[in-house]
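> This is the structure I have questions about; it appears just below.
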Amino acid sequence: MRIYLDFNASTPVAPEVAAVMRPLLDSHFGNPSSGHWAGQPARDAVETARREIASLLQCDADEVLLTSGGSEANNHVIKGTVFGASSPTPHLITTAVEHPAVVEPCRFVERFGAQVTTVPVDRHGLVDPDDIRRAIRPETVLISVMHANNEVGTIQPIAAIARIAREHGIRCHTDAAQSVAKIPTRVDELGVDLLSIAGHKLYAPKGIGALYVRRGVTLAPLIHGGGHERGQRAGTESALLAAGLGAACRLAEANPCGDRLLALRERFWTGLRGAFGDRVVLNGHPTARLPNTLSVAFPGRLGDEILARLDGVAASTGSACHTGARTMSPVLAAMGTSTEVGLGTLRFSLGRTTTEAEIDQVVRQLEGCV
């Protein structure tokens with residue numbers, strides 16, 4: 001029996017999404033930028049998708065920029081801000097638990113004179129907005145804090161951070177790849193200027209994403225060429241992939257699954273506590289956490305060895321093995337997690353197709369192999 005509990009890594013394409021995409025494989029092949037009959041259906045598909053993304057985020061359609069995914073969106077924000085800044089030494093603020101799609105672009109722009117402050121988190125992976133405030137300098141041009149962590153699920157106080165940024169006239173960005181379609185991501189409530197989406201995290205295909213850019217915010221283009229995406233992102237849009245992302249956003253808005261996932265996650269955690277008691281440890285914030293994410297540790301054991309014994313179960317570990325040496329993830333290390341706990345960590349992330357029977361089966365398998 002195969003059980004997929006790695007939805008934070010990637011989601012399957014939802015049937016409702018595939019149904020919308022299928023006609024674009026058979027017809028509507030024209031270039032969306034073409035002015036003739038072949039381009040019109042493709043252009044209509046792209047603009048429909050843009051409106052559907054905007055509806056989920058509660059913004060205007062012309063504030064949605066289509067990208068190849070969350071990584072490109074994050075790169076565009078960071079590089080576009082730095083290369084468009086008037087200061088020769090622009091300053092950025094981020095956190096110690098960001099995804100590599102934010103960490104690596106920050107390292108890259110440091111080579112061009114940018115300065116980056118990395119704010120710490122507490123043992124739950126939560127950043128203190130006051131630490132963000134204290135890190136601000138006159139040269140600060142961007143604050144980038146992820147909405148929810150991909151490993152432990154901790155949800156950051158983005159609205160409070162955005163208010164601080166606004167008070168100081170600094171643009172605020174959040175990587176919402178893990179939070180979109182799981183918890184509310186209305187940009188007016190979050191107060192952010194920029195927000196990144198990755199399609200394959202919300203039942204759309206891989207290779208498509210979006211960047212919300214608040215009207216009035218300007219970024220230096222990341223990709224140069226034709227005048228696509230209002231001159232912000234060169235390259236002919238994929239009507240096929242855009243339609244998939246739009247359909248996924250429409251599905252998320254019409255049929256939210258957060259409450260159901262929360263109930264499943266709590267069933268999972270209750271089952272683990274019943275089976276192992278204090279021998280199983282929860283990582284991440286106990287309440288301010290994604291409804292689908294359960295990061296647990298079996299101290300003194302090795303997560304990768306446990307996962308290898310979970311027959312047919314797809315999940316993730318909190319460590320990596322490099323040339324025979326095991327190291328725990330930078331996220332768990334930033335939280336001050338002990339090596340014993342970090343190396344014994346497993347992340348289970350649930351999704352739309354997860355069932356109670358699957359949860360109960362994994363608990364039984366863990367009882368047998370831990």
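> Of everything in region 227-271 that's touching a Leu at 6+ places or on another chain (Cβ under 7 Å) and over 24 Å from P205 (Cα atoms), which residue is surrounded by the fewest Cβ atoms within 10 Å (Cβ to Cβ)? Don't jump to the end; show me each part of the working.
Filtering region 227-271 for residues touching a Leu at 6+ places or on another chain (Cβ under 7 Å) gives 229, 232-233, 237, 239-240, 242-243, 248-249, 252-253, 261, 264-265, 268-269.
This time we only want the ones that are over 24 Å from P205 (Cα atoms), so: 264-265, 268-269.
On the way: L264: 21, R265: 22, F268: 22, W269: 18.
Looking at the filtered set, the residue picked out is W269.
Residues checked against (1) closer than 30 Å to A297 by Cβ; (2) touching an Asp or Glu at 6+ places or on another chain (Cβ under 6 Å); (3) buried (at least 22 other Cβ atoms within 10 Å of the Cβ):
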| residue | (1), (2), (3) |
| --- | --- |
| L57 | no, no, yes |
| V77 | no, no, yes |
| F83 | no, no, no |
| H124 | yes, no, no |
| D130 | yes, no, no |
| T154 | yes, no, yes |
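> Got at least one residue in region 199-218 being among the aliphatic types (A, V, I, L, M), surrounded by fewer than 24 Cβ atoms within 10 Å (Cβ to Cβ) and touching a residue at least 12 places away in the same chain (Cβ under 8 Å)? Before you say what the answer is, go through the steps one by one.
Pass one, region 199-218, residues among the aliphatic types (A, V, I, L, M): 202, 204, 208, 210-211, 213, 217.
Add one more test, that the residue is surrounded by fewer than 24 Cβ atoms within 10 Å (Cβ to Cβ), and what stays is 217.
Cutting the leftovers down to touching a residue at least 12 places away in the same chain (Cβ under 8 Å) gives us 217.
Taking every residue of region 199-218 in turn, at least one turns out to be among the aliphatic types (A, V, I, L, M), surrounded by fewer than 24 Cβ atoms within 10 Å (Cβ to Cβ) and touching a residue at least 12 places away in the same chain (Cβ under 8 Å).
> Which condition number in (1) assigned by TED's automatic domain parsing to the domain that holds G226; (2) under 30 Å from R265 (Cα atoms); (3) out of contact with any Leu (no Cβ under 8 Å at 6 or more places or on another chain) is the one that R2 fails?
(1)
> Here is a further query. I'm trying to understand the selection: among the residues of region 52-81, which are out of contact with any Gly (no Cβ under 7 Å at 6 or more places or on another chain), closer than 20 Å to E189 by Cβ and not acidic (D, E)?
Correct list: A54, S55, L56, L57, Q58, C59, A61, V64, V77.
> What about G227, is it assigned to a loop (DSSP other than H, G, I, E, B), without any contact (Cβ under 8 Å) to a residue 40 or more places away in the chain and closer than 18 Å to K79 by Cα? Reasoning before the result, please.
Working: assigned to a loop (DSSP other than H, G, I, E, B): yes; without any contact (Cβ under 8 Å) to a residue 40 or more places away in the chain: yes; closer than 18 Å to K79 by Cα: no.
Spelling it out, it is not the case that G227 is assigned to a loop (DSSP other than H, G, I, E, B), without any contact (Cβ under 8 Å) to a residue 40 or more places away in the chain and closer than 18 Å to K79 by Cα.
> In region 112-131, how many are among the small types (G, A, S) and under 19 Å from the mean Cα position of the chain (by Cα)? Steps first, please.
Our first condition is that a residue be among the small types (G, A, S); within region 112-131, this holds for 113-114, 125.
Then keep just the ones that are under 19 Å from the mean Cα position of the chain (by Cα); that gives 125.
Summing the residues that are among the small types (G, A, S) and under 19 Å from the mean Cα position of the chain (by Cα) in region 112-131 gives 1.
> Do you know which of the residues in region 28-43 that are touching a residue at least 12 places away in the same chain (Cβ under 8 Å) and surrounded by 14 or more Cβ atoms within 10 Å (Cβ to Cβ) is farthest from A243 (Cα to Cα)? Reasoning before the result, please.
Our first condition is that a residue be touching a residue at least 12 places away in the same chain (Cβ under 8 Å); within region 28-43, this holds for 28-33, 41-43.
Pick out the ones that are also surrounded by 14 or more Cβ atoms within 10 Å (Cβ to Cβ) and you get 28, 30-33, 41-43.
Values: H28: 12, G30: 14, N31: 14, P32: 12, S33: 16, P41: 11, A42: 9, R43: 10 Å.
Result: S33.
> Given the condition aliphatic (A, V, I, L, M), surrounded by 14 or more Cβ atoms within 10 Å (Cβ to Cβ) and in contact with a strand residue (DSSP E or B) (Cβ under 6 Å, 6 or more places away or on another chain), answer yes or no: does some residue in region 331-344 qualify?
Applying the first criterion (aliphatic (A, V, I, L, M)) to region 331-344 yields 331-335, 341, 343.
Subset that is surrounded by 14 or more Cβ atoms within 10 Å (Cβ to Cβ): 331-335, 341, 343.
Still in the running and in contact with a strand residue (DSSP E or B) (Cβ under 6 Å, 6 or more places away or on another chain): 341, 343.
Yes; the residues of region 331-344 include at least one that is aliphatic (A, V, I, L, M), surrounded by 14 or more Cβ atoms within 10 Å (Cβ to Cβ) and in contact with a strand residue (DSSP E or B) (Cβ under 6 Å, 6 or more places away or on another chain).
> Quick one: which of G235, G207, G231, G225 is modelled with pLDDT of 95 or more and in the same structural domain as H28 (by TED's automatic domain parsing)?
The unique qualifying residue is G207.
> The conditions are (1) within 30 Å of I170 (Cα to Cα); (2) touching a helix residue (DSSP H, G or I) at 6+ places or on another chain (Cβ under 7 Å); (3) not assigned by TED's automatic domain parsing to the domain that holds R22, and H285 fails exactly one of them. Which is it?
All conditions are met except number (2).
> Among the candidates T48, T11, single out the residue that is in a helix (DSSP H, G or I) and out of contact with any Leu (no Cβ under 6 Å at 6 or more places or on another chain).
Values: T11 fails: in a helix (DSSP H, G or I).
Going through T48, T11 in turn, the sole match is T48.
> Which residue, of L222, L261, is aliphatic (A, V, I, L, M), touching a Lys or Arg at 6+ places or on another chain (Cβ under 8 Å) and either more than 25 Å from R186 (Cβ to Cβ) or outside any helix (DSSP H, G or I) (or both)?
Values: L261 fails: either more than 25 Å from R186 (Cβ to Cβ) or outside any helix (DSSP H, G or I) (or both).
None of the others qualify; the one that does is L222.
> Continuing with this model, one more query. Any residue in region 70-77 that is at pLDDT 95 or above and not in a helix (DSSP H, G or I)?
First, pick out the residues of region 70-77 that are at pLDDT 95 or above: 70-77.
When the remaining residues are screened for being not in a helix (DSSP H, G or I), the result is none.
No.
The values are calculated or read from the model by the stated rules, or taken from the named source; none is laboratory data. Since the model is a prediction, treat every value here as computed from it, not as a measurement. Cβ sites come from the backbone with ideal geometry, for glycine too, and all protein chains shown count toward neighbours.
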